[in-house]
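Every read-out reported here was derived from the displayed coordinates using simple, explicitly stated rules and does not represent laboratory data. Treat the numbers as computed from the prediction; the structure is a model and nothing was measured. Here Cβ is always computed from backbone atoms with ideal geometry, including for glycine, and neighbour counts include all displayed protein chains.
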Amino acid sequence: MGSLIYGMSGVEVSFDDRVLAHLELVINAKLRRRESFMLSWRDTPGVGDGRSSIWLDTAIPLYFRYSGSRMPLIDKEWLEELAVQAGSTRGLVLGEDPVTEQPVKSRDNSVKRKDHPAR
């Protein structure tokens, strides 16, 4: 399980390495073109079982940290689907991972903020 660390506030959201690899490729492609967009995902019951969203922009620092040392296999069809979503007015909304056919969720207790240590 890897992490996407977002912004100066240090928001850390954990995703499976496979999901994170796909996100990194889509995010890099969009931000290279200076295209900002919204990223949304479903939270697990451990963090409220709701939805979370972040605004991605070139001015906001991002850090991708993987738990494994190997690059996961990339599903080109899923990558294209994610890229199309990222370009939509709704933004990139993580749905199901086509390999597992399970909803993509952040992991339990994964959203951590430096300014809210109790969270």
(Q) Taking 2.2 N^0.38 Å as the expected size of a compact globular protein, what ratio does the Cα radius of gyration of the stretch 2-103 give against it, to two decimals? (A) 1.02
**Q.** Cα-projected label distance for Ile74 with Ser36, points at 7 Å along beta-carbon direction, nm
**A.** 2.6 nm
(Q) Taking the number of other C-beta atoms within 10 Å as the exposure measure, put Trp78, Trp41, Trp55 in order starting with the fewest. (A) Trp55, Trp78, Trp41
